[in-house]
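First the structure, in the form of structure tokens, and then the observations on it.
The values are calculated or read from the model by the stated rules, or taken from the named source; none is laboratory data. Because the structure is a prediction, the values reported are computed rather than measured. In this analysis, Cβ positions are derived from the backbone assuming ideal geometry, glycine residues included, and neighbour counts consider all displayed protein chains. These accessible areas exclude ligands, DNA and RNA; they are computed on the full protein's heavy atoms, side chains included. Shrake-Rupley method; radii C 1.70, N 1.55, O 1.52, S 1.80 Å.
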Amino acid sequence: MLQPLSENLKQYFPAGTAAELRAQLNRSRGVTLVSGNLVGNARSEVSGVSARVWQRGVCGFSSEAELSEDAARRVLVAASENAAFMDRRAPRGLSPLPAAPRGTKHFDREISDPTQKQYVDFLRPLDEYITSHCKGLQSRTLVARADSMEKQLLTADALSGSSIIERSYIYVMMSAETASGAPVELFLPIGGLGTFDKNFTDPSLLYEKIDGLYTKLMQKREGIYPDAGVQTVILGGELGGMVAHEAVGHTVEADLVLGGSVAGPCFGKQVASEKVSMVDFASEAFGKPTPLPVYLDDEGIEATDAVLIDRGILVGYMNNRESAAHFGQKPCGNARAYSFSDEPLIRMRNTAILPGTDKLEDMIAATEHGYYLIDTNNGQADTTGEFMFGVCMGYEIVNGKLGRALLDTTISGVAFEMLKTVDMVSDEVSWSSAGVCGKKQPMPVGLGGPAIRCKVTMGGR
């Protein structure tokens, strides 16, 4: 655990300025088995301190890869000097940061650190189970991953406190061949918030999930290509979450809005069907903890939910303190830094479309011809909202019933146009927090939502 930053360090904050001092420790653990062979076994830790000092609307930043009070004093001095340098060269008339609530809030969690042997010993029985129960595979890979971000924050004019975010996952990957010899593969992430020893207590508890993945892979091996062109589709919760994050979420990050994203001219306008509402959740959603709860951001702002789309109308952005003042909005705690050496950027936390009232089975039954798309293996979008995602698992829908599985395909479109075609939204939400967002810095995020029925452009053979 990180030691709390001493309140005495506040004496080194420049008088009358906004300032942040952050100590941070990032841990990463990983083990990889490929066809039963141990090919990856890694542990890493990165730690240090950083400071950011604001002076008349500009800031200076400094960091050191050392956890000590001496290092904290040095980065505060360096950040102050950098701020003064920037101030001498900045245009006049820049505004200082707006006022923020002050005080101290701690959001720590119990954290443990299993040995590498514990990861290996958990994966071995899973590999043996796959070998004995999943016939006809070309390859199999098991990966255990755990990471954590532990922070101590001391501020001059906002909240000070501490927080820990930890997650652990097992990734199961299988591949086989079609009758023509073409490769097909699927993967399954299992896990979420919490340390590895808390999330994974008994390998046999994962056997049912492995069986389900194997069944899907065998169905995919006999799969078909979808019809190319604009199609009616039902996007499963995680695919809908990918749209929410990649194709919409990034366009409404205020720094990208200032850079010219499509969300600027669309503010206050209809960008989706009235059935669509979207929120970037902080620590709780639908009465449960979010996949990766954020309680305090790296500017000392207590994290609250950021409402982005309300019944089809774009009503909010994700902000830091500076952009919130520019747009006249309330900062909700979206300023996050991945490592001690990174400055906080506007980032998502847990972004999702809100559930509706439809049952998934009714959505399928109401679709005469279309596709039910479940899993994605990649995706990209830009600030125009245009997106393209790979789909690695799905089924055709024929006369209101699920049919054959699909081979790998793609979906594409423009988010704000595609969301206007949403006419059914399921009442159940699924989440994923297995990946990272790559906006300049990697960042653990959660994404998800209900199943939604809409129209997208699908790739064919």
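What do you reckon, is residue 321 open to solvent by less than 10 Å² (accessible area, probe 1.4 Å) and basic (Lys, Arg)?
Values: open to solvent by less than 10 Å² (accessible area, probe 1.4 Å): yes; basic (Lys, Arg): yes.
Answer is yes for this residue.
Filtered by the rule that a residue be touching a residue at least 24 places away in the same chain (Cβ under 8 Å) and surrounded by fewer than 17 Cβ atoms within 10 Å (Cβ to Cβ), the range 190-211 gives 197, 198, 204, 207, 209, 211. Among the residues of the range 172-188, the one identified as among the acidic types (Asp, Glu) and either without any contact (Cβ under 8 Å) to a residue 40 or more places away in the chain or touching a Cys at 6+ places or on another chain (Cβ under 9 Å) (or both) is 185. Evaluate the range 262-269: report whether one residue or more is open to solvent by 50 Å² or more (accessible area, probe 1.4 Å), basic (Lys, Arg) and under 20 Å from residue 304 (Cβ atoms). Scanning the range 262-269, I find no residue that is open to solvent by 50 Å² or more (accessible area, probe 1.4 Å), basic (Lys, Arg) and under 20 Å from residue 304 (Cβ atoms), so the answer is no.
Residues in the range 240-254: is at least one at pLDDT 95 or above and open to solvent by 50 Å² or more (accessible area, probe 1.4 Å)? There is no residue in the range 240-254 that is at pLDDT 95 or above and open to solvent by 50 Å² or more (accessible area, probe 1.4 Å). The range 363-461 holds strands (runs of 3 or more DSSP E) entirely within its bounds, and those carrying 3 or more residues that are surrounded by 19 or more Cβ atoms within 10 Å (Cβ to Cβ) and not β-branched (Val, Ile, Thr) map to 369-381, 386-398, 446-449, 452-458.
Only one of the numbered conditions (1) within 19 Å of residue 42 (Cα to Cα); (2) in contact with a Gly (Cβ under 9 Å, 6 or more places away or on another chain); (3) not in a strand (DSSP E or B) is not met by residue 144, and that is (3).
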